[in-house]
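Here the structure is laid out as C-alpha cells; the discussion comes afterwards.
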Amino acid sequence: MSNIDKEPFPRLALIAAAVLIGVSITGAAAARYLRVNAPPSTSAEQAAPLAARDLTFFDMPDGSVEVRDGAGDRIVFVAEPGTNGFIRGVMRGMARDRRARGIGQEPGFRLAEWPDGRLSLEDLATGRSIELGAFGGDNRAAFARLLPPRGGSPT
C-alpha cells in the first residue's frame, strides 16, 4: 500500500486548481464578450487603400503570364516562363477556385495596399482575398510592383 492510499490529496491544491480553471474560463469569456460587443471603430478594413489597381491575368501560349489593367487594354507586366514563381503560384490557386465555380479568367482582381501596410489581392468575381504580406517581404514585393504610384485609383 502506498501513501496515497493512506493520506488524502491536499485540499489546498484542489481548491487552487479549481480557482485557476474558473479564472481562466471567466477571463476568456470576458475577452470574447468585450471583443464581440465592442463598438465599431475606424479600422484598416474600413479605410481607403493607399494605392489600388484592378488587374487581369492571362496565360499565354508561350507559358508566360500577362498582367493587364482592369480593362484589359494595357499590359502592366509579363511574367516570363520560369520566373515569378510566387505570382504564378498565387494566381494558380485563384484560378483553381474560379474553375471550381465555373468562372473564367476574364474577371479582374483588385490589388490594394492599405494604411496599416497590408497588401491584399481580392478576386472580384468570388470575393476571395489573400493577404500577400503573410508570405514574406520578397513575395509581397513581387505583387507590390504591380501597384500604381500612391494615390492612384483602381483602373
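With only Cα atoms counted, the chain has Rg and Dmax values of 25.7, 87 Å. Only helices enter this figure: runs of n ≥ 4 DSSP H residues, each worth -39500 (n - 2.57), summed and divided by the residues of the chain, yield -11500 deg cm²/dmol at 222 nm to the nearest 500. Compute the acute angle (0 to 90°) between the alpha-carbon long axis of helix 85-101 and the principal axis of greatest extent of the alpha-carbon atoms of the chain; round to the nearest 10°. Once rounded, the angle reads 80 degrees.
Helix 11-36 and the long axis of the chain differ in direction by around 30°, with both axes built from C-alpha atoms. Here is the list for region 72-148: trypsin sites (Lys or Arg not before Pro) lying in DSSP coil, each with at most 13 other C-beta atoms within 10 angstrom of its C-beta, are Arg74, Arg145.
A simple spin-label model places the labels of Phe77 and Tyr33 4.8 nm from each other, with each point 7 Å out along Cα-to-Cβ. Relative intensity of region 70-120 on a log10 scale, I(q)/I(0) at q = 0.15, 0.19, 0.22, 0.30 Å⁻¹, equals -0.57, -0.89, -1.10, -1.18, per a Debye sum over C-alpha point scatterers of equal strength in the absence of solvent.
Taking N as the residue count of region 67-155, its C-alpha radius of gyration divided by 2.2 N^0.38 Å amounts to 1.06.
No lab work stands behind these numbers, since they all come straight from the coordinates. Keep in mind that this is a model prediction, so the values were computed, not measured. Ideal geometry is used to build each Cβ from the backbone, glycine not excepted, and the neighbour counts take in all protein chains shown.
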